[in-house]
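Report on one structure; see the data block that follows.
The values are calculated or read from the model by the stated rules, or taken from the named source; none is laboratory data. Here the structure is a predicted model, which is why all the values come from computation and not from measurement. Note: ideal-geometry Cβ built from the backbone for every residue, glycine included; neighbour counts use all protein chains shown.
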Amino acid sequence: MKSGSYRMCLEVFPANFGLMDEEEKRQAVVGFEHVLREIEVKYPLRILIQTRKTNATDYINTLEHTYSIRSLGTYELFRKHADFIREVNKDYEIITKKFYLILEFSELKYTLSKDIISREEKDVKKKKGITEEEIFAGVRQSMMNILTTFKSQFQAINLKTKTLDTNETIKVMMAYLDEERFLNNRDFYERLDEHRRRATKEGLPFSVINKISPDFIKEENIDLLSINERLYVRSEFLSELGSHAYIDWFKELVMFPYANDMMFTFTSKDPAETVTKLTEKRHRIESKIFDENSQHKPKNIADNLILESTEKIEKQYLRSEIKPIDLKVEMTFRSDTIQALNLVHMNMERLLARKMMRSRIYHYEQFEGLKGTFIAGYSDTDTRNHRDINTDVASFTFPFITPQISSNTGILYGVDEINRSLVTIDRKELESYNRSIIASTGAGKSYFIKLDLIRSRMIGYQSFVLDVENEFEMVTNYLKGKYIELNDKSVYYINPFHISGPEYKAQKIEFVRELFKTMFGSEKISVTDITHLEKCIGSVYEQCLVDNSQPVLSHFIKAIETLARNKTIESLLTVLRSYREPNHPQYYLFNKQQNIDFLNDDLIVFALKYIDKRDFVVAVILESYWNYINHPRNKGKFKNLIVDEASQLFQSSLIVEKLASLALRGRKYNSGVTTIVQSINHYYHSAYPRTSDLFDQSSVTLVMKHKVSDSFDKLNEKVHINKPERAYLERLEIGKGLLIVNDSKIPLSIKSSEEEDRVCTTKPPA
């Protein structure tokens, strides 16, 4: 920061108090108290709850603008979906909530021994040859150590966290001040590091602050601000917290369903100073009681209760059972009109009145109030806007209670059954683009994926489906995609030997080697023969790269024929030559140049139910998909690989290795893998351990109706399913499930329009 302070930001993925019993809630509050006890004097901990409410029109306009839908040729699909969103928005809202923990160093921290240095001391260090980068690295390491402590505390109460990098932090800032500018320049912000490196290399100045700050902030009057003349904001703070703290103390405030930013600032105080003040207070009360007793006045019950409470708290401080905390709760409300802003403010006042709380507006200090709820800001107001409490009481403010999973650039998944808000997810905003769907036959998993195909096609995603049970033909025809069954009668061919460029030569050698070993069956090949085989494969690719051509099986057979003959080589050649015979069932796989257009076809479904040697064919399809996505020119479109009934394909090491590689590395190529299984055990009880990567690398998991008893232990181990959540899973209806996004869990009900329902139903009415 320009002031010399430093900030780090941690996103916290909240629990769902609606799916927790009282004991689990109590444990969460106790765990939060441990977090608060880790706060150091002078280094406040800030927790930001960022709530955004979007109406149907704004959501539709944002979606259309973000994905340039009019230029995709899918506007008719989008128009139908927009009509459906407007209709469903009458009953459900579109609400997004994000939770951030902000670690703030208001003074510089240079060493791990916690020596605090001033700006002058920093200048001295620079004169001694210690660079700005070294100071920054030291400060960052010190802050990382504290963040690690906080993360472990949250992990103990089953809350997942993620440290935000520069790009992600800036995105949060943009959502606070000028989200429209972020959406208009999304490519710039998502490739921030690349732009910074280019500017540094060319010796050009590069400042992100100019890209974050709004064009201007204008004070309309004493109690609100106008940002870019399109957004009105009002900042206030809690002046009274009520008289009683309890587990759901701040639940209504956290779940307040209007656009706002709420900042909790916890500042640790000096315990010795606090105990001294308490002792003085106790002495005053004791003196008052003594004087009243001496004058034979009636006992004042209130004074005795206060004395008893003061003595108890004083002892807790002396035993270090609790710590003194300074709590500040600031709120900034936002709307596009002053009238709507006043209405939001009125609703908050009513809520606070019911809870015997009060708020005060930052009169003539609206800009300071605005900074108080901003990640990179800090309010320096003359108004006393904080309250002295302790960690025991402060822990009841536990705010991480309601995951509301929505994105104004995401596609509709369904409805949150607890919060009654629409669930819209933008996969490109998640840590990984992979998804896992767990559901038994008839639970609605294929129905959900077909809906996802329609809505993904609407925003320009490419989808490739491995259709094990041949269920996707109707939706493919509806979307005018290609439904392909690879066999000797097919007019479509695929070339597993295709190479995109010289940089992929090593990967292709490895794949072809494993492919030949699989074709060779259970016969063993010696290390010497493998080495010679790899040289032959490499020589074929070298020649093809020179000739700018693509090899087929005959090229490799000719190269292997030049090797010194032994029993293994002769046997291998016999096998490979059989695949070159036109009457061989898999002749079409290895002897034709590819004519499937991965680049220009937005939906390709491979029908696999009646395919001979299905595992073999799938391995070839996955290799061709890999050839497509890892070419630099093909990174523009988002690519969605869907594997239906994936457990049936987990019997081949070649398939498992390729799927695991795609799950681990796909994000780099703008690609995500969706696997559908009937039990989580299919990921972990496979003969090939790498199947577990497909679940471990998923940011989205949907658990629908299935036999919970078979998979509960593993599910609980991986995503912590508590008793109420298990009870919910056991009574699930068709079309409903537990949606887990980065470990935030919500009960989801899938919603579709009448036309989507007709297309996606497996057995449509006659």
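Filter the stretch 481-490 down to residues that are touching a residue at least 60 places away in the same chain (Cβ under 8 Å) and in a loop (DSSP other than H, G, I, E, B), then give me how many there are.
Quick first cut of the stretch 481-490, residues touching a residue at least 60 places away in the same chain (Cβ under 8 Å) only: 481-488, 490.
Cutting the leftovers down to in a loop (DSSP other than H, G, I, E, B) gives us 481, 485-488, 490.
Looking only at that region, the number is 6.
Condition check ((1) over 28 Å from LEU147 (Cα atoms); (2) hydrophobic (A, V, I, L, M, F, W, C)) across all residues:
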{"site": "TYR6", "(1), (2)": "no, no"}
{"site": "CYS9", "(1), (2)": "no, yes"}
{"site": "VAL12", "(1), (2)": "no, yes"}
{"site": "GLN27", "(1), (2)": "no, no"}
{"site": "ARG37", "(1), (2)": "no, no"}
{"site": "ALA56", "(1), (2)": "yes, yes"}
{"site": "GLU64", "(1), (2)": "yes, no"}
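When both residues are 6+ apart or on different chains and their Cβ atoms are under 9 Å apart, which pairs have a first residue that lies in the stretch 145-156 and is among the hydroxyl-bearing types (Ser, Thr, Tyr), and a second that is surrounded by 18 or more Cβ atoms within 10 Å (Cβ to Cβ)?
THR149/VAL35
Consider LEU573 carefully, then state whether it is more than 30 Å from SER463 (Cα to Cα), modelled with pLDDT under 90 and not assigned by TED's automatic domain parsing to the domain that holds ARG665.
For LEU573, the condition - more than 30 Å from SER463 (Cα to Cα), modelled with pLDDT under 90 and not assigned by TED's automatic domain parsing to the domain that holds ARG665 - is not met.
Exactly one of these conditions fails for LEU515: (1) among the aliphatic types (A, V, I, L, M); (2) outside the structural domain of ARG758 (by TED's automatic domain parsing); (3) in a loop (DSSP other than H, G, I, E, B). Give me its number.
Exception for LEU515: condition (3).
Consider LYS558 carefully, then state whether it is surrounded by fewer than 18 Cβ atoms within 10 Å (Cβ to Cβ), out of contact with any Pro (no Cβ under 9 Å at 6 or more places or on another chain), basic (Lys, Arg) and modelled with pLDDT of 90 or more.
On the way: surrounded by fewer than 18 Cβ atoms within 10 Å (Cβ to Cβ): yes; out of contact with any Pro (no Cβ under 9 Å at 6 or more places or on another chain): yes; basic (Lys, Arg): yes; modelled with pLDDT of 90 or more: yes.
Here the answer is yes, as LYS558 does meet what is asked.
Just for the stretch 423-477: of the residues that are within 18 Å of ASN408 (Cβ to Cβ) and without any contact (Cβ under 8 Å) to a residue 24 or more places away in the chain, which one is nearest to the chain's Cα centre (by Cα)? Give the derivation first.
Initially, the stretch 423-477 is screened for residues within 18 Å of ASN408 (Cβ to Cβ), giving 423-430, 455-456, 458-461.
Still in the running and without any contact (Cβ under 8 Å) to a residue 24 or more places away in the chain: 426, 429.
Values: ASP426: 9, GLU429: 6 Å.
So the residue we want is GLU429.
Being under 20 Å from ILE734 (Cβ atoms) and of a type outside the set (A, V, I, L, M, F, W, C) is the filter here, so list the residues in the stretch 697-720 that pass it.
Answer for the stretch 697-720, where residues must be under 20 Å from ILE734 (Cβ atoms) and of a type outside the set (A, V, I, L, M, F, W, C): THR701, LYS705, HIS706, LYS707, SER709, ASP710, SER711.
Going by what's in this entry, would THR391 be described as at negative phi and surrounded by 22 or more Cβ atoms within 10 Å (Cβ to Cβ)? Don't jump to the end; show me each part of the working.
On the way: at negative phi: yes; surrounded by 22 or more Cβ atoms within 10 Å (Cβ to Cβ): yes.
So THR391 passes the test.
Using the structure shown, decide if GLU717 is surrounded by fewer than 18 Cβ atoms within 10 Å (Cβ to Cβ), within 23 Å of the chain's Cα centre (by Cα) and in a helix (DSSP H, G or I).
yes
Given (1) within 23 Å of ASN260 (Cα to Cα); (2) buried (at least 19 other Cβ atoms within 10 Å of the Cβ); (3) not assigned by TED's automatic domain parsing to the domain that holds LYS639, identify the lone condition not met by LEU422.
Condition not satisfied by LEU422: (3).
Can you tell me how many residues within the stretch 731-744 are within 23 Å of THR441 (Cα to Cα), of a type outside the set (A, V, I, L, M, F, W, C) and either part of a strand (DSSP E or B) or at pLDDT below 85 (or both)?
2
Residue by residue through the stretch 641-673, note down the ones that are surrounded by fewer than 23 Cβ atoms within 10 Å (Cβ to Cβ) and outside any helix (DSSP H, G or I).
Once the filter is applied, which keeps residues that are surrounded by fewer than 23 Cβ atoms within 10 Å (Cβ to Cβ) and outside any helix (DSSP H, G or I), the stretch 641-673 yields GLU645, GLN651, SER652, ASN670.
Given the criterion surrounded by 18 or more Cβ atoms within 10 Å (Cβ to Cβ), of a type in the set (Ser, Thr, Tyr) and under 23 Å from GLU725 (Cβ atoms), identify the matching residue among THR397, THR402. Before the answer, list the steps.
Details: THR397 fails: under 23 Å from GLU725 (Cβ atoms).
Result of the check over THR397, THR402: THR402.
Does the stretch 48-77 hold any residues that are outside any helix (DSSP H, G or I) and either free of Cβ contacts under 8 Å to residues at least 12 places away in the same chain or within 24 Å of the chain's Cα centre (by Cα) (or both), and which are they?
From the stretch 48-77, those outside any helix (DSSP H, G or I) are 48-55, 67-68, 72-74; that's our starting set.
Answer for the stretch 48-77, where residues must be outside any helix (DSSP H, G or I) and either free of Cβ contacts under 8 Å to residues at least 12 places away in the same chain or within 24 Å of the chain's Cα centre (by Cα) (or both): LEU48, ILE49, GLN50, THR51, ARG52, LYS53, THR54, ASN55, TYR67, SER68, GLY73.
From (1) in contact with a helix residue (DSSP H, G or I) (Cβ under 9 Å, 6 or more places away or on another chain); (2) farther than 23 Å from SER652 by Cα; (3) without any contact (Cβ under 8 Å) to a residue 24 or more places away in the chain; (4) surrounded by fewer than 16 Cβ atoms within 10 Å (Cβ to Cβ), pick out the condition that doesn't hold for VAL546.
(1)
Go through the stretch 317-352 and give me each residue that's aliphatic (A, V, I, L, M) and at pLDDT below 90. Explain how you work it out, then say what you get.
Narrowing the stretch 317-352 to residues aliphatic (A, V, I, L, M): 318, 322, 325, 327, 329, 331, 338, 340-341, 343-344, 346, 348, 351-352.
Within the stretch 317-352, LEU318, ILE322, ILE325 qualify.
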